[in-house]
1. Taking the alpha-carbon distance from Lys105 and a cut-off under 23 Å, which lysines remain once sequence neighbours fewer than 8 residues away in the same chain are dropped?
2. Tell me which of Met26, Ile127, Thr43 sits at the most positive position along the dipole axis of the chain, charges placed on C-beta atoms (Lys, Arg +1; Asp, Glu -1).
3. If each of Ser110 and Glu29 carries a label point 7 Å out from its Cα toward its Cβ, how far apart are those two points in nm?
4. For the stretch 15-119, with every protein chain kept in place, what is the accessible area per residue (1.4 Å probe, Å²)?
5. Starting from the Cα of Arg69, step 7 Å toward the Cβ, then list every residue of the stretch 77-115 with an amide N under 14 Å from that point.
6. Using only the alpha carbons, work out the radius of gyration and Dmax of the stretch 14-139 in angstrom.
7. Assign unit charges at the C-beta atoms only (+1 for Lys and Arg, -1 for Asp and Glu), then state the dipole size of the stretch 1-129 relative to its Cα centre in Debye, rounded to the nearest 20.
8. Counting only protein heavy atoms and a 1.4 Å probe, tell me what percentage of the chain's accessible area is made up of carbon and sulfur.
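The values are calculated or read from the model by the stated rules, or taken from the named source; none is laboratory data. Predicted model only: the values in this text are computed from it and were never measured. With ideal geometry, Cβ positions are generated from the backbone for all residues, glycine too; neighbour counts draw on all protein chains shown. For the accessible areas, the whole protein counts, side chains as well, though only heavy atoms, and no ligand, DNA or RNA atoms are used. Shrake-Rupley method; radii C 1.70, N 1.55, O 1.52, S 1.80 Å.
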Amino acid sequence: MATNRTFTMIKPDAVEAGNIGGILNMITEAGFKIVSLKLTQLTKADAEQFYAVHNARPFFGELVEFMTRGPIVAAILEKDNAVEAFRTLIGATNPADAAEGTIRKKYAKSIGENAVHGSDSDENAAIEGAFHFAGREQF
Ligand code: ATP
Ligand code: MG
């Protein structure tokens, strides 16, 4: 049974570039409700845990360095079929492959610095959201 929630981060590259407002606007224009929202920063341990599935990949060190170098925006989003709908809105991991109208097409710089994260399953959406937000921060 699909949950109606997903979790996203606006990554350090997009925060640095002043794109928080533009990205949140694309998210709300696409019909997602913002359930939780904050500016925060991942520790090295947070990023290593968050991307643990990639820890044997050659880019893992670079990924952890990137994700911890500055603040991120963390958010929980709600919409029908939220996980899949949000992955469609953000576009392909590599912005060179991202479709027109997607967040990564507009804001991502490279396959590494790609502006946004979107949960890849209902289970991970729940885990990632709960990591950043207490129950009373979820509306
Ligand atoms: P995310 O999990 O951040 O939403 P994704 O699900 O589209 O991204 P994953 O395969 O989970 O892509 O990769 C996680 C992140 O690792 C990517 O978003 C990107 O920042 C980085 N990454 C993936 N592949 C590469 C690569 N070949 N070179 C450098 N960085 C990469
Ligand atoms: Mg992923």
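1. Cα-Cα hits under 23 Å: Lys11, Lys33, Lys79.
2. Selected residue: Met26.
3. 2.8
4. Roughly 51 Å² per residue, with all protein chains present.
5. 109-115
6. For the stretch 14-139, the Cα radius of gyration and maximum Cα-Cα distance read 14.0, 39 Å.
7. I would put it at about 240 debye.
8. Its accessible area is 52 percent carbon and sulfur atoms.
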